[in-house]
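Below is a structure I'd like to ask you about.
The values are calculated or read from the model by the stated rules, or taken from the named source; none is laboratory data. Keep in mind the model is a prediction, meaning the values are calculated, not measured. Every residue, glycine as well, gets a Cβ built from its backbone with ideal geometry; the counts of neighbours run over all protein chains shown.
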Amino acid sequence: MSSLLILNGPNLNMLGVRQPEIYGSLRLEDIKASCNAHAEKLGISCEFEQSNDEGTLVTRIQEARGVHDAIILNAGAYTHTSIALMDAIIAAEVPTIELHLSNIHAREEFRHRSYIARVAVGQICGFGAKGYLLAIDAAAGLSGKA
């Protein structure tokens with residue numbers, strides 16, 4: 001694996017401020033720094049982005065085709081609503097790992113449904129910011145690098 005895209009959906013730019021009892025106290029910039037350092041140790045190039053706009057996320061997933069070896073997607077609330085993101089993952093044909101800071105299966109009923117899980121190679125949830133590093137390791141493992 002040489003290239004990884006980490007995409008973050010709506011409200012993740014508010015990490016460290018928004019419900020720290022659920023999402024933790026780290027800011028997204030802190031998580032980005034950890035991800036970049038971890039990926040670098042593994043010899044992986046890492047792009048890290050956040051958007052509150054569903055269309056921007058769809059476009060970035062589509063653009064990953066032929067560019068990135070894997071995608072890590074924390075789609076936030078779009079996980080439970082976005083058929084467009086699901087379809088983009090199918091069309092891009094890039095292995096995608098679904099990621100959540102909280103355990104979505106232990107939360108409100110509406111969070112239990114994931115359109116992303118239907119097309120992802122796997123799901124990591126409930127480990128807070130450490131989940132990003134676990135996802136990077138999982139992505140590296142897809143290519144046999146880990």
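Give the residues of region 95-116 that are buried (at least 16 other Cβ atoms within 10 Å of the Cβ) and either farther than 24 Å from LEU26 by Cα or of a type outside the set (Gly, Ala, Ser) (or both), sorted by residue number.
PRO95, THR96, ILE97, GLU98, LEU99, HIS100, LEU101, ILE104, ARG111, SER114, TYR115, ILE116
While we're looking at this one, here's another question. Quick check on my filter: what residues within region 15-38 are closer than 14 Å to LEU101 by Cβ, without any contact (Cβ under 8 Å) to a residue 12 or more places away in the chain and not in a loop (DSSP other than H, G, I, E, B)?
Passing the criteria: PRO20, GLU21.
Shifting gears a bit: Name the pairs: first residue in region 110-124 and assigned to a loop (DSSP other than H, G, I, E, B), second residue exposed (fewer than 15 other Cβ atoms within 10 Å of the Cβ), Cβ to Cβ under 7 Å, at least 6 apart or on different chains?
TYR115/ILE83; VAL119/ILE90
Also, quick follow-up: Any idea how many residues of region 44-84 are free of Cβ contacts under 8 Å to residues at least 60 places away in the same chain and aliphatic (A, V, I, L, M)?
Looking only at that region, the number is 6.
LEU42 passes all but one of (1) buried (at least 17 other Cβ atoms within 10 Å of the Cβ); (2) at pLDDT 95 or above; (3) of a type in the set (A, V, I, L, M); (4) within 24 Å of ASP137 (Cβ to Cβ); which number fails?
Unmet for LEU42, out of (1) buried (at least 17 other Cβ atoms within 10 Å of the Cβ); (2) at pLDDT 95 or above; (3) of a type in the set (A, V, I, L, M); (4) within 24 Å of ASP137 (Cβ to Cβ): (1).
What are the residues in region 59-82 that are farther than 23 Å from SER3 by Cα and assigned to a loop (DSSP other than H, G, I, E, B), if any?
If the condition is that a residue be farther than 23 Å from SER3 by Cα and assigned to a loop (DSSP other than H, G, I, E, B), then THR81, SER82 are the ones that fit.
Please enumerate the residues belonging to region 79-88 that are under 19 Å from MET14 (Cβ atoms) and buried (at least 22 other Cβ atoms within 10 Å of the Cβ).
THR79
Still on this structure, please answer the following. Collect the residues in region 1-31 that are among the charged types (D, E, K, R) and loosely packed, with under 15 Cβ neighbours inside 10 Å, keeping them in residue-number order.
ARG18, GLU21, GLU29, ASP30
Then there is this: Return yes or no: is ALA75 touching a Ser or Thr at 6+ places or on another chain (Cβ under 7 Å), under 16 Å from GLU47 (Cα atoms) and of a type in the set (Gly, Ala, Ser)?
Considered against the rule, which asks whether it is touching a Ser or Thr at 6+ places or on another chain (Cβ under 7 Å), under 16 Å from GLU47 (Cα atoms) and of a type in the set (Gly, Ala, Ser), ALA75 comes out as yes.
Can you pull out every residue in region 1-14 that is over 14 Å from the mean Cα position of the chain (by Cα) and either among the β-branched types (Val, Ile, Thr) or not in a strand (DSSP E or B) (or both)?
MET1, SER2, MET14
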